[in-house]
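Take a look at the structure set out below.
Throughout, read-outs are computed from the coordinates displayed, never taken from laboratory work. Just so we're clear, the structure is a prediction, and the values are computed from it rather than from any experiment. Every residue, glycine as well, gets a Cβ built from its backbone with ideal geometry; the counts of neighbours run over all protein chains shown.
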Amino acid sequence: MNNRRVSRVNELIRGELSEIIQRSLKDPGVSQGMLSITEVMIASDFSYATVYVSHLGSDEERKESLAGLDRATHWLERELYRRLSIKRTPRLVFRHDDSIERGIRISETLQSFEDKQVDEDVEGQEG
């Protein structure tokens, strides 16, 4: 399979799903918190696509958003079929992606460490 083609289809699906979810999906659970599609990985036979979703909000909101996406899966697949010019729309499987939350925690930890270093340097110069 042509990796370039797979990458193009992954990006195409990611972009279309992002737009559909943001503009057309009317599930109140999905609209809680900040939701973004971070990555799509389509199977080599194009039969299914794993859609990685990042959600900034509480754990309860994250669970409700994933449940809402699961409820809307068939509708989302139909919308993709309508919008894309590919022979077959893959079956969508939604998974939580915590990379953004991990990045925020790492950034906060580094900032805390940096602040501590600055405080120690100031105390060392005063003493």
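A few comments on the model shown:
- Restricting the range 36-127 to trypsin sites (Lys or Arg not before Pro) in coil, as DSSP defines it, with at most 11 other Cβ within 10 Å: Lys87, Arg88
- For Lys63, a cut-off of 29 angstrom between C-alpha atoms picks up these lysines, skipping any fewer than 8 places away in its own chain: Lys26.
- R0 of 35 Å, Cβ-Cβ distance Leu110-Glu11: FRET efficiency to nearest 0.05: 0.70
- Positive end of the dipole of the chain (Cβ unit charges, origin at the Cα centre): among Gly103, Thr38, Leu76, the Cα lying farthest that way belongs to Leu76.
- Farthest toward positive dipole pole in the chain [+1 Lys/Arg, -1 Asp/Glu at C-beta], among Ala67, Ala49, Pro90: Pro90
- Note on Lys116: aspartates and glutamates with a C-alpha under 15 Å away, same-chain residues under 8 apart excluded, are Glu108.
- Put in line by how crowded their Cβ is, counting other Cβ atoms within 10 Å and starting with the fewest, Met34, Met41 read Met34, Met41.
- Using R0 = 22 Å, the C-beta based FRET efficiency linking Ala43 and Arg82 works out to 0.55.
- Fewest-first ranking of Tyr52, Tyr81, using other Cβ atoms within 10 Å as the exposure measure: Tyr81, Tyr52
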